[in-house]
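For reference, the structure discussed in these notes is given below.
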Amino acid sequence: MQLARVIGTVVTTRKDEQLESRTLLLVQPLTAGREPAGRPIVAVDAVGAGVGEDVFFVRGKEASFPFYPSEPPVDAGIVGIVDRWDTD
Amino acid sequence: MQLARVIGTVVTTRKDEQLESRTLLLVQPLTAGREPAGRPIVAVDAVGAGVGEDVFFVRGKEASFPFYPSEPPVDAGIVGIVDRWDTD
Amino acid sequence: MQLARVIGTVVTTRKDEQLESRTLLLVQPLTAGREPAGRPIVAVDAVGAGVGEDVFFVRGKEASFPFYPSEPPVDAGIVGIVDRWDTD
Amino acid sequence: MQLARVIGTVVTTRKDEQLESRTLLLVQPLTAGREPAGRPIVAVDAVGAGVGEDVFFVRGKEASFPFYPSEPPVDAGIVGIVDRWDTD
Amino acid sequence: MQLARVIGTVVTTRKDEQLESRTLLLVQPLTAGREPAGRPIVAVDAVGAGVGEDVFFVRGKEASFPFYPSEPPVDAGIVGIVDRWDTD
């Protein structure tokens, strides 16, 4: 999973029907030092994250697991809100 | 999923039979600032996207979900047309 | 999927038995401007491609779909020969 | 799989319920020469690794296999602690 | 799949039980010109490869196919030893 910050929301009207009623957020991957790294990803939200929060997201089909038995065609999903991380 | 712009079409006559009648588009991944990032991808279209439109696409086997029970051998698929995205 | 050019063949005698009788080609990913990008990939051929042809290939388990019910351990497969692509 | 060093822990209270009671560690991928390479990853721990230990981790759905029949939505998991690696 | 050279072995005592008795090798991805490219990967060996040999490896769950019905949590596996590759 990757550390990221929620930086925005994605508005879309025409989309696959399995994505109806799903929240799509724009997340920016972060380094351990909280610097932006790489380009933003559109992730489906499974935990009620909001803009400005630090989260971690999972890639691949696993991103759809929280919505089982629905199987939305997603490859990135926010599965946890990070309180903090500690490095030595 | 990744933000991208549809920049072209791909014409192919010899292909896997499961790809017959599928629309293959060339999409350019974008940064949050709408700049091109990385190289273009060939994506199957599940939502009727057209050249010039901003979309988001999914990677992996998930790209084939909108065509179920058909299982075309695809690893990238357009699953939504983006009206806009907002970043703070 | 990615655009690529077939640049060579791979000769291998000791290999997983599910790969026996499969054609393995070396493909060079391309940019939309037909420039080489990134390092070559070994891809299994599902459409009869030859050296010098432009193709697109799929990554992941999907690369094995054209050989069903056989399930060769492959993660890249040529699924179409590209006549041309048009960008605006 | 990738070589990595465990560099920290991730504290998270709101998360997908399948992640409850799982240990999430921050791991830094390494080169063969033990230099950091790329950005840290959040990995679920399947072997009791601790901060400072060298490990290897697996990516993708495979990261959930050690927890079967539970299927936590994870895409990176520590599956071995490395005593040493030898290169010629 | 990717071309690579076997550059070392990985010694690990504490690991997921499905990895017991599996050979783990350190492989260095190569360019078509046989130059090292990117960082080494830990791969499970399915074909009896040795240090110094050129191989190709598969990524993802496919890496576990040669061990079926065992399903070791691996994401990279050597599936062929390369005699040579020819590019035009």
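Summary table
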| read-out | value |
| --- | --- |
| Restricting the range D:13-40 to residues that are farther than 25 Å from E:Leu26 by Cβ and under 16 Å from the mean Cα position of the chain (by Cα), the residue that is most open to solvent (accessible area, probe 1.4 Å) | D:Ser21 |
| The listed residue being part of a helix (DSSP H, G or I), aliphatic (A, V, I, L, M), buried (at least 22 other Cβ atoms within 10 Å of the Cβ) and within 10 Å of the chain's Cα centre (by Cα), out of C:Ala63, C:Ala4, C:Ala43 | C:Ala63 |
| Any hit, the range A:11-21, residues being modelled with pLDDT of 95 or more and more than 7 Å from every other protein chain (Cβ to nearest Cβ) | no |
| Flag for C:Asp83 being surrounded by fewer than 23 Cβ atoms within 10 Å (Cβ to Cβ) and within 20 Å of B:Glu20 (Cβ to Cβ) | yes |
| Condition met for E:Gly48 (small (Gly, Ala, Ser), modelled with pLDDT of 95 or more and within 26 Å of D:Val47 (Cβ to Cβ)) | no |
| Residues satisfying the stated conditions in the range A:25-48, i.e. within 14 Å of chain B (Cβ to nearest Cβ), within 19 Å of A:Ser64 (Cβ to Cβ) and of a type outside the set (A, V, I, L, M, F, W, C) | A:Asp45 |
| Residue match in the range B:77-88 (condition: in contact with a Leu (Cβ under 9 Å, 6 or more places away or on another chain), within 16 Å of B:Leu26 (Cβ to Cβ), at the interface with chain A (Cβ under 7 Å from one of its Cβ atoms) and not acidic (Asp, Glu)) | no |
| Residue match in the range C:69-78 (condition: among the acidic types (Asp, Glu) and either touching a strand residue (DSSP E or B) at 6+ places or on another chain (Cβ under 7 Å) or assigned to a strand (DSSP E or B) (or both)) | yes |
| Conditions (1) at negative phi; (2) more than 10 Å from chain E (Cβ to nearest Cβ); (3) modelled with pLDDT under 95: number failed by D:Tyr68 | (2) |
| Lone unmet requirement of (1) touching a residue at least 40 places away in the same chain (Cβ under 8 Å); (2) open to solvent by 30 Å² or more (accessible area, probe 1.4 Å); (3) at the interface with chain D (Cβ under 8 Å from one of its Cβ atoms) for E:Glu53 | (3) |
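The values are calculated or read from the model by the stated rules, or taken from the named source; none is laboratory data. Being a predicted model, the structure only gives us computed values, none of them experimental. With ideal geometry, Cβ positions are generated from the backbone for all residues, glycine too; neighbour counts draw on all protein chains shown. Side chains are part of the model used for accessible areas, which takes the heavy atoms of the whole protein and leaves out ligands, DNA and RNA. Shrake-Rupley method; radii C 1.70, N 1.55, O 1.52, S 1.80 Å.
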